[in-house]
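The values are calculated or read from the model by the stated rules, or taken from the named source; none is laboratory data. Quantities reported herein were computed from a predicted structural model and do not represent experimental measurements. Neighbour counts run over all protein chains shown; Cβ positions are idealised from the backbone, glycine included. Only protein heavy atoms, including side chains, enter the accessible area calculation; ligands, DNA and RNA are left aside. Shrake-Rupley method; radii C 1.70, N 1.55, O 1.52, S 1.80 Å.
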Amino acid sequence: MKISTQNKINAVNELSSNLKDATSILIFEYHGVPTSIIAKTRKRLHDAKATIFVAKNNIFNRALKENNLYDKLGELSGPNAMIISHGDEILPFKEVFNLSTEYKLVTYKNGLINNDLIGQDKLKELSSIPSRDALFATLLGCLQFSIKKFLLDCVEISKAKN
């Protein structure tokens with residue numbers, strides 16, 4: 001089905017506005033992934049303030065050019081999807097890594113985290129980093145333990161003085 005020119009302009013504008021304040025951007029080929037899996041991935045990404053876009057490369061390339069990202073990410077070819085995150089920077093990379101291990105035709109192309117280029121060699125490394133929530137939970141657990149120990153020591157010192 002042919003897309004009208006106005007719909008293409010709207011798609012470029014939507015992508016471009018999403019790219020403006022993104023914390024991370026990821027581009028990958030999605031060969032061989034069932035629609036149901038893409039839907040589940042889309043839901044997990046949505047929960048983490050990230051969106052997956054599937055569009056023609058021409059629309060992706062125009063949106064990248066409007067945001068001065070085209071030179072960093074390069075010309076796109078093949079069936080691509082783009083994940084734009086406004087929350088957890090790492091989650092999109094983990095999702096694509098998981099898809100690529102399960103579906104061999106899925107290939108990571110390029111990505112940006114806070115405007116720094118993330119090559120294919122870094123994908124596995126990034127996928128092993130715990131989520132932002134898990135890191136916060138670990139930090140809070142350590143702080144809670146330290147505070148509890150400090151308070152118990154204060155109580156013991158108080159008892160010893162009395």
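Things worth noting here:
- Checked against (1) within 15 Å of the chain's Cα centre (by Cα); (2) assigned to a helix (DSSP H, G or I); (3) polar (S, T, N, Q), Asn110 passes all but condition (2).
- Scanning the range 83-95 for residues that are over 30 Å from Ser17 (Cβ atoms) and either at pLDDT 85 or above or not small (Gly, Ala, Ser) (or both) turns up nothing.
- The residues of the range 68-77 that are of a type in the set (Gly, Ala, Ser) and open to solvent by 40 Å² or more (accessible area, probe 1.4 Å) amount to a single one, Ser77.
- Residue within the range 68-77 that is basic (Lys, Arg), under 15 Å from the mean Cα position of the chain (by Cα) and more than 17 Å from Asn13 (Cα to Cα) present: no
- From Leu76, Leu26, residue being of a type in the set (A, V, I, L, M) and modelled with pLDDT of 90 or more: Leu26
- Among the residues of the range 33-67, those identified as over 17 Å from the mean Cα position of the chain (by Cα), surrounded by 13 or more Cβ atoms within 10 Å (Cβ to Cβ) and outside any helix (DSSP H, G or I) are Val33, Ala55, Lys56, Asn67.
- Among the residues making up the range 128-162, those that are outside any helix (DSSP H, G or I) and under 22 Å from the mean Cα position of the chain (by Cα) are Ser128, Ile129, Pro130, Ser131.
- Of all residues in the range 1-32, those that are of a type in the set (Ser, Thr, Tyr) and part of a helix (DSSP H, G or I) total 3.
- The number of residues in the range 54-102 that are of a type in the set (Val, Ile, Thr) and in contact with a His (Cβ under 7 Å, 6 or more places away or on another chain) comes to 0.
- Number of residues in the range 78-131 that are among the charged types (D, E, K, R), under 18 Å from Leu64 (Cα atoms) and either in contact with a strand residue (DSSP E or B) (Cβ under 8 Å, 6 or more places away or on another chain) or open to solvent by less than 20 Å² (accessible area, probe 1.4 Å) (or both): the value is 1.
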